[in-house]
Amino acid sequence: MIGLLDAATYAYSYGMVSAMPQHLDNETYTRLVGAVNLEAAITILMATPYEIHIKNAIGRGGAENLEEIEKAVVSHYFDVCNAVIDTLPMDVRTSSKTILLDEFDIGNLKRILRALKSKSISGQQKSTDEILAECIEGNIKEEILKEIANTEFKSAIDKIRALGFEIEGENLFDIENSMDINLIRKWAKDTEKVKVIEKFVKKKVDVLNLKAIIRMKLLGVDADNFIKKTSQGEYLNFEILNALNAAQISKENIDAILGILTGTPYEELFTQVFEEFKKTKSLDMFELWIESACASGAVIQNPISLEYVVTYLRKMWFDVRNMRVLLVGKKYGVSDVEINKMMVL
């Protein structure tokens, strides 16, 4: 039970977050996508809460130094996270920061492994700088990520194991599933220590389970072994997970998933997500849209809670991700239509 003092602290954090207009609205996104070039997009961003950080970045490297501006956008995100989370009690503060950053770690390691695997198959590889530019630093520092990215695929797996990850299998698909299981188990331990983050974590477990099973089904892989090793989350119990695995799901029959999710908050939440997938057939974008939908307040029963605060900060990350995609797209002359396809709103 949260004491009166802690409840007041959470309420203060809720008020603090609510008072900060961090999310970019649809009008701003429309103007950014329609900007004629990178310089015009930066000018529009200067009229948002990211202004001071971007000005400092331009002062360090000029408007043409996109890497500095990307770092500035990320820096602002972490400043907001720290300012909000630092209002929380110490034990909750530490766990909340860890959970927010854990997922960045997994995402970063997956990006590196995918790039190294691509090199081993096709001989083509992004430079280390290009790979790291797509990463947002979590608990694993950039110098360690750089060390992993500067090696070969098999050596990279060994280095990841040395960080404490239990990696099973040799192919990329099995390795990524192992990393998801690692994350779920780690979060389960964190919730045992700090019960007030349990609902947030369980919904994140729902997302990880759903993404993994859908990914396997669309690739024609049975998810039974994954389900046996994972944990159930807030709304998706083992009965639902097994029903998803047993269903006839394909890129042409994605609606079967919504039928299985009937009665859970995700049914209505994912309706638009599934419509977008039908247009693009992009599994990567599909997973991002699921993440974004689950970071909304639609599945939060109590808006004055730690869950609301942490979910808000997780949702804000998509602004950071969208801005980086948009700025890179403008720099390299990608069409507005293609940029729109890559945005997760």
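Observations on the structure shown:
- Subset of the range 68-92 [over 28 Å from I58 (Cβ atoms), crowded, with 16+ Cβ neighbours inside 10 Å and not hydrophobic (A, V, I, L, M, F, W, C)]: T87, P89
- Total residues in the range 241-286, condition assigned to a loop (DSSP other than H, G, I, E, B) and aliphatic (A, V, I, L, M): 4
- Test: residue in the range 167-176 that is of a type outside the set (S, T, Y) and in contact (Cβ under 8 Å) with a residue 60 or more places away in the chain: yes
- Positions within the range 193-218 being in contact with a Phe, Trp or Tyr (Cβ under 7 Å, 6 or more places away or on another chain), of a type in the set (A, V, I, L, M, F, W, C) and at pLDDT below 85, in sequence order: V201
- Among the conditions (1) among the small types (G, A, S); (2) at pLDDT 80 or above; (3) buried (at least 16 other Cβ atoms within 10 Å of the Cβ), S305 misses just one, which is (2).
- Members of the range 148-172 found to be closer than 19 Å to L183 by Cβ and small (G, A, S), listed by number: A156, A162, G164, G169
- Applying the criterion of at least 3 residues that are within 30 Å of S75 (Cβ to Cβ) and either of a type in the set (D, E) or within 22 Å of the chain's Cα centre (by Cα) (or both) to the helices (runs of 4 or more DSSP H) found wholly in the range 133-240 leaves 142-149, 172-193, 198-218.
- Check on T271, surrounded by fewer than 18 Cβ atoms within 10 Å (Cβ to Cβ) and either free of Cβ contacts under 8 Å to residues at least 40 places away in the same chain or under 19 Å from W317 (Cα atoms) (or both): yes
- Residue list for the range 308-344, restricted to those being more than 12 Å from the chain's Cα centre (by Cα), surrounded by 19 or more Cβ atoms within 10 Å (Cβ to Cβ) and among the β-branched types (V, I, T): V309, V310, I339
- The one condition in (1) surrounded by 15 or more Cβ atoms within 10 Å (Cβ to Cβ); (2) at pLDDT 85 or above that I249 fails to fulfil: (2)
- For K281, the criteria (1) surrounded by 15 or more Cβ atoms within 10 Å (Cβ to Cβ); (2) at pLDDT below 85; (3) closer than 25 Å to L345 by Cα hold in every case but one, which is (1).
- Residues in the range 235-254 that are free of Cβ contacts under 8 Å to residues at least 24 places away in the same chain and not acidic (D, E): N237, F238, N242, A243, A246, Q248, N253.
- Selection status of A256, hydrophobic (A, V, I, L, M, F, W, C) and in contact with a helix residue (DSSP H, G or I) (Cβ under 8 Å, 6 or more places away or on another chain): no
- Considering the range 45-67, and only residues there that are buried (at least 18 other Cβ atoms within 10 Å of the Cβ) and of a type outside the set (G, A, S), the residue that is nearest to V328 (Cα to Cα) turns out to be L66.
The values are calculated or read from the model by the stated rules, or taken from the named source; none is laboratory data. Since we're looking at a predicted model, the values are computed, not measured. Cβ: placed from backbone, ideal geometry, glycine included. Neighbour counts: every protein chain shown.
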